[in-house]
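Here is the structure we will look at, set down as structure tokens.
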Amino acid sequence: MAAAVGQTLFFVAILAAAVVPFWPVYRSAEFLVLVGVTLALAAVISLAGVFLRLSSLWILLLVVVAFGVFGVGLAVPSQALFGFLPTIGGLRELVAGVALAWKQLVTITLPVGAYQALLVPVFVLLLVGGVVGLSVALRSRRPEVALVVPVVVFVAGIVLGPSEPVLPLVTGLLLLALSVLWLVLFRLRRRRLALERLTRQTALGSRAGAIPVAVGASRAAEAVVVHRSGNRAVARRAVGGTLVTLLVAGALGVGAASVLAPQGARWVARTAVIKPFDPRDYLSPLSGFRAYEQQPAVDSAQLTVTGLAPGQFVRIATLDTYDGVTFSVGSDRTSTASGTFTRVPTSFDQSKVTGRQQTVGVRVDGYSGVWLPTVGQLETVDFSGADAASLRDAFFYNDSTGTAAVVGGVGQGVDYRLTTVAPTQPTSEQLAALTPGDRSVPTPSAVPTSLKTALESYVDGVDGQGARLQAALDGLRKNGYISHGVSSGEPVSRSGHGSDRLAQLFTDKLMVGDAEQYSAAAALMADQLGFPARVVLGFRSESSTGGSTTFRGSDITSLIEVDTAQFGWVTLDPNPAPRAIPDQTKQDPNQVSRPRSVIPPPQQQQDPQVDQTQPQSKQDNPAEQPAWLGVLLGVVRIAAWVLLVAGIAMAPFLTVVAVKARRRLRRRRDRDPVRRVTSGWREFEDAVVDHGIDTPASATRSEVAAAVGGRRPAVLARVVDRSVFSPDEADPADADRVWKAVGEMRVQLDSRLTRWERFKAAVSTRSLRRYHGRKASKR
């Protein structure tokens, strides 16, 4: 009993080391509690199976009971009653999490804490893997095979974990050291048991008269002394050699990892899984800029925000992808530079962002759309109200661009609180000294030639990258005029920011537009100067204070952000100040509306905020297939996967069965009657070995028959001996009777076993390891 408990504790320690890669996935107290309790459950179930001699069916039943009783409290604590009692809703999420939580875990931002049912994967791995591994370690003849379970858990932690590992060398070497020590200890145990058997055989031989009693007793005592002293010496050498090997291997591994570090990012599952939110399914929010300047939105409250600094910007979306028609919100589906939209279960780590932490409250009034207004770099978001849980489940955030989204959109009445970091911005005196940073954005396409020409004139004679950028923005502010073109009192100003509209901006006699055009043009100019740049759409009011600020449609604006080596992303305003526009633009409106052979601009939409939640690809969807065909295809797909997995899992066993069948057929078809008789005996002896009956390799047929027991094996042994040693030729009929008897005795051997034991005998490789040579001898 003490040995079993010791082995259990040792294996639990190995599993605990193997689960360390899951820590950066969860980073919560609930995870630590789950690991401790689940390992204890696995140990109790496995020890109960050993001491009570429970069958595999009872073990499975205990695992299912533990899963149902403890699963909700450990893996879905938010659904547990009093924090540990299972509930109907919790059991539903627990069972669903077994199938769904694996993919959800790789489509969400880390760490996930105890969010929803995302603890289920590690709970299932530890409970099932712990019981299986401990059962193998405590009840099988090859306890070393149990190490497969910790390796699987360790690899799963890497695959499901972050792309940047936490202490990978330490955790890997720890698991390696414990695993090697496990192998060494069981090797020593097997040697000790072999010596003990030898000692007992020596003592029994003396009692049976094989050797004098006094001599036998003396040899037995000597064997015991040699066994104990030799075993200790071997143990010392084995453990010492193992420790030296581990130290040398660890030093070489650490040195190699330091010198030969991998060049690229580590591949994990989350880098290959397509995230469930794709911004390409939604219209560019910048295309709906003019809608905020029209009635009724222009004078209506859109957002009410508390906790803002004076003049602080509220971001709706960051647009970093320009295709010559629109600036749009990018994603990793189009370019890795655009970052990834992921769910936020707990918080984002913004410790690398230099700035001021602040808490901001937002109430949505007239605003609506899929893009959630935020401030700065987000750390946490907390929704309130009856829809808080559903809003949180639908919330996605792109930390690379600072853009947030809620699938399904938000509308009037939504309240939420943000904890953010407002990045430090340079002063106006520091702008000229800025240099481009090392961030990347998708390369813009179809940049107008007239924009490049205007940029050259703005920066002519200016030295320094920061100074050239400032000169370009000054050129826009100096030459540009603001007009939304939505009222009768304003000059004509066409909406849109495609390459044709931006070309018109620089080719007309007067540069007339609004923030939609100027921000797009400024971002393209900054890109031409070497600065990674993007457009940022949002609200800004100069009257905002630390109290409550109400943003109206007229407060909409569009700025740019450029990446700098000194401050990271810096927000710049390229828009001209409102001023009177010369009368000539009113007298000749055709100057800005002359037809051109260019790409048509996006159509003016009355309320694009609402349309943002509709996928652009909706009109291109093919005709829906019949429901029965979808169900049939789904069943066929699932069946195909099941057959594939079953085929892969059964391939080794089927191979063993096929090899034995071929060996049996070859033996039975031997043309020599004597060899066919001896081959029949060898087939019987191989069946005996595969059924778990130990027979020495040099044992005679009579000794093998005695080990099996019964009259028929003894009769078969005598028949075979007579056929082999008789001077007369063997009768082919005798060979047929031998093979018939062998088949009947195989059936008798199977009848003594359970179904599982018959399966193990069928796929056992013990007889294959004893078989050397293709032809049976006549002996």
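Data for the structure
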item: In the stretch 682-710, the residues that are without any contact (Cβ under 8 Å) to a residue 40 or more places away in the chain, assigned to a loop (DSSP other than H, G, I, E, B) and exposed (fewer than 14 other Cβ atoms within 10 Å of the Cβ); result: Asp694, Pro696, Ser698, Thr700, Gly709, Gly710
item: Boolean, Asp463 is in contact with a helix residue (DSSP H, G or I) (Cβ under 8 Å, 6 or more places away or on another chain), among the acidic types (Asp, Glu), surrounded by fewer than 15 Cβ atoms within 10 Å (Cβ to Cβ) and farther than 30 Å from Ala405 by Cβ; result: no
item: Any chance Arg417 is under 43 Å from the mean Cα position of the chain (by Cα), outside any loop (DSSP other than H, G, I, E, B), assigned by TED's automatic domain parsing to the domain that holds Thr340 and in contact (Cβ under 8 Å) with a residue 40 or more places away in the chain; result: yes
item: Ala137 being in a helix (DSSP H, G or I) and surrounded by fewer than 19 Cβ atoms within 10 Å (Cβ to Cβ); result: no
item: Tabulated pairs, the stretch 479-502, first more than 21 Å from Pro444 (Cβ to Cβ), second β-branched (Val, Ile, Thr) and outside any helix (DSSP H, G or I), C-beta under 6 angstrom, 6+ apart or interchain; result: Tyr481/Val512; Tyr481/Ile581; Ser483/Val512; Gly485/Val492; Pro491/Val512; Pro491/Ile581; Ser493/Val512
item: Counted residues, the stretch 420-456 - those being assigned to a loop (DSSP other than H, G, I, E, B), over 29 Å from Asp323 (Cβ atoms) and of a type in the set (A, V, I, L, M, F, W, C); result: 0
item: Enumeration of residues in the stretch 697-716 that are more than 60 Å from the chain's Cα centre (by Cα) and under 16 Å from Lys740 (Cβ atoms); result: Val715
item: Test: residue in the stretch 368-380 that is at pLDDT below 90, crowded, with 22+ Cβ neighbours inside 10 Å and outside any loop (DSSP other than H, G, I, E, B); result: no
item: Residue match in the stretch 753-765 (condition: farther than 21 Å from Ser140 by Cα and part of a helix (DSSP H, G or I)); result: no
item: Among (1) under 19 Å from Ala526 (Cα atoms); (2) crowded, with 19+ Cβ neighbours inside 10 Å; (3) among the hydroxyl-bearing types (Ser, Thr, Tyr) - the single one Thr427 does not satisfy; result: (2)
item: Residue selected from the stretch 711-744 under the condition in contact (Cβ under 8 Å) with a residue 12 or more places away in the chain and part of a loop (DSSP other than H, G, I, E, B), by the criterion surrounded by the fewest Cβ atoms within 10 Å (Cβ to Cβ); result: Glu729
item: Residue check for Arg468: basic (Lys, Arg), out of contact with any helix residue (DSSP H, G or I) (no Cβ under 8 Å at 6 or more places or on another chain) and under 26 Å from Asp320 (Cβ atoms); result: no
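The values are calculated or read from the model by the stated rules, or taken from the named source; none is laboratory data. None of the values given here were measured: they were computed from a predicted structure. Methodologically, a virtual Cβ is constructed for each residue, glycine included, from the backbone with ideal geometry; neighbour enumeration extends over all protein chains shown.
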